[in-house]
Each structure stands twice: as structure tokens, then as C-alpha cells.
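Undergrad: So that we are looking at the same thing, I have put the structure below in C-alpha cells.
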Amino acid sequence: MTFDVGPGAKAQRLHRDDKNFHVDHEDQTATGYRTGSDVMMAFMVPGVKTTPENGATLAVPGSHLWGSDRPPKLDEAVAAEMDVTDCLVMLGGLYHAGGANITETERRLLHGMFFTRGYHRQEENAYLANSTEEVLSWSPAAQKIMGFELSSPNIGFVNFQLPLQYMRGEGVGEAFGDFDPSQEKS
Ligand SMILES: [Fe+2]
């Protein structure tokens, strides 16, 4: 999604993007980060140079390690100033907010790519937002990353077919019933 923030836009409040997935964050400030404790990751790519004036994203460094009981404060946040070709990479547990745009004329364009684990629903319902013709016209990599395949072993099948087999109108194949690649073949 692209965020196009014009002059006068107010700042968002600090938040964690993984709130949609009801993550119960444990305090990892003493232990260090436990790999796998996040359920999503985001890549924020600026379309223009972002500044504290035009609404650069505010982020609280280290807050991905905080327990659910610690609220963020605005004075802990720093502005992620970026040039075009930079990228802000955030785990879903990082507190951040879109900054206010206090300029008269600048539009702050920021492209966000958000990824979640395959066993969670996507925030936007990509299955309704895109027609079969559109999805079939995409590259295999785009189809995969947009969720039009299984999350192994068995999340996301349709009529006991892989989503793309279904969309292409193929019949039920040998895979009927279980797509688990670790399954012993009979
Ligand atoms: Fe956010």
C-alpha cells in the first residue's frame, strides 16, 4: 500500500502493526530477542525524501522487545528520515506512527509492504480484491507472496486443490486430501 500524506495531516498515534493478530508480547528486554516471536514484518520504502516536517515515520527503537504491558511514549520515538532508495524494516512488534505533515506543499509518499505468517489472515482480503484473471496474470513469485498458495502443510486449499489449480479450472489431482510434503507417499 502507498501512503500519500499531504500538508496538514495529523500524526498517527504510536502503535504496533501486529495488534490485528492479538499478539501477547513477552518482555524480552533482559533476555534478548527470541527469533520467531513476531508474526509480521514490514518494509517501508520512501517515494520521496522523508523528513520530520513532511511526516517521516516515527519509530521507537527497541520497542519490539517490550512486553504488552509497557505503553510507548512520544518522546521515545525518533523520525525515520530516509532518502529514496532507503528502506525502513520493522518487525510487527515495533511501536511506530506516521508523522504529522507540517509543510505547506510537500506530499510524503511512502510505499509499505507488509508480510504476515501464512496461517494468519491478511488484513486486506486479497482473495476478493483481485479477480481470477488478474491473479493468473501475475508472476509465480507475486502469486506466492500475495498468498495464492498453501501455507504448508494444509492452510488455504480450495475444493481439495491448490488455489492456483482451482483458479485455472484444473481437476482434482493426485494431491487430494493432504498437501503435507512430509507425508509418506502410498
Ligand atoms: Fe502502522
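The values are calculated or read from the model by the stated rules, or taken from the named source; none is laboratory data. Given the structure is predicted, the values throughout are model-derived calculations rather than measurements. All Cβ positions, glycine included, derive from the backbone under ideal geometry; neighbour counts span all protein chains shown. Heads up: the accessible areas ignore ligands, DNA and RNA and are worked out on the full protein's heavy atoms, side chains in. Shrake-Rupley method; radii C 1.70, N 1.55, O 1.52, S 1.80 Å.
Undergrad: Using the scaling law 2.2 N^0.38 Å as the reference, what is the normalised Cα Rg of the chain?
TA: Details: Rg = 20.1 Å, N = 186, 2.2 N^0.38 = 16.0 Å.
Normalised Rg, Cα atoms only: 1.26.
Undergrad: Taking the highest mean first, how do the peptides 27-38, 89-100, 73-84, 5-16 order by number of other beta carbon atoms within 10 angstrom per residue?
TA: Details: 27-38: 11.4, 89-100: 21.0, 73-84: 13.7, 5-16: 16.0.
Output ranking for 27-38, 89-100, 73-84, 5-16: 89-100, 5-16, 73-84, 27-38.
Undergrad: In debye, nearest 20, what is the charge dipole magnitude of the stretch 2-116 about its Cα centre with +1 on Lys and Arg Cβ and -1 on Asp and Glu Cβ, if you could check? Spell out each step's value before the answer.
TA: Working: 10 positive and 16 negative charges, 36 e Å.
Taking the Cα centre of the stretch 2-116 as origin, the dipole is about 180 debye.
Undergrad: Of the options L65, L164, G8, report the single residue whose Cα projects farthest towards the positive end of the charge dipole of the chain (beta-carbon charges: Lys, Arg +1; Asp, Glu -1).
TA: Selected residue: G8.
Undergrad: In units of 2.2 N^0.38 Å, what is the alpha-carbon radius of gyration of the stretch 126-167? List each step's numbers first, then the result.
TA: Numbers: Rg = 9.7 Å, N = 42, 2.2 N^0.38 = 9.1 Å.
Dividing the Cα Rg of the stretch 126-167 by 2.2 N^0.38 Å gives 1.07.
Undergrad: At 0.692 mPa s and 37 °C, plugging the Kirkwood radius over alpha-carbon pairs of the stretch 86-150 into Stokes-Einstein gives what diffusion coefficient in µm²/s? Working shown, then result.
TA: Working: Rh = 15.0 Å.
So the translational diffusion coefficient is about 219 µm²/s.
Undergrad: Still on this structure: For the pairs K19/K49; K49/K144; K19/K73, flag any whose C-alpha to C-alpha distance is greater than 22 Å.
TA: Values: K19/K49 28 Å; K49/K144 31 Å; K19/K73 17 Å.
With Cα atoms farther than 22 Å apart: K19/K49; K49/K144.
Undergrad: Using Cα pairs closer than 8 Å and at least 6 residues apart in sequence, work out the relative contact order for the stretch 2-116, in percent.
TA: Numbers: 267 pairs, mean separation 54.9, N = 115.
About 48 percent, as a whole number.
Undergrad: Out of the total accessible area of the stretch 85-186 (probe 1.4 Å, heavy atoms of protein only), what percent is carbon and sulfur?
TA: Working: 3730 of 6810 Å².
Roughly 55 percent, rounded to a whole number.
Undergrad: Hey, what number do you get for the chain at 222 nm if only DSSP H runs of n ≥ 4 count, each worth -39500 (n - 2.57), divided across all residues, to the nearest 500? Walk me through the numbers before you get to the answer.
TA: Numbers: 4 runs with 21 residues, N = 186.
After summing the helix terms and dividing by the residues of the chain, the value is -2500 deg cm²/dmol.
Undergrad: Accessible area per residue of the stretch 72-135 at 1.4 Å probe, in Å²?
TA: Working: 4010 Å² over 64 residues.
Result: 63 Å² per residue.
Undergrad: Still on this structure, I have one more. Give me the extension gain from Y166 to S151: residue separation times 0.36 nm, minus the current Cα-Cα distance, reported in nm with one decimal.
TA: Values: separation 15, 0.36 × 15 = 5.40 nm, distance 1.58 nm.
Extra length available between Y166 and S151 comes to 3.8 nm.
Undergrad: Compute from the Cα atoms of the stretch 100-186 the Rg and the Dmax, the latter being the longest Cα-Cα distance, and quote both in angstrom.
TA: 17.9, 68
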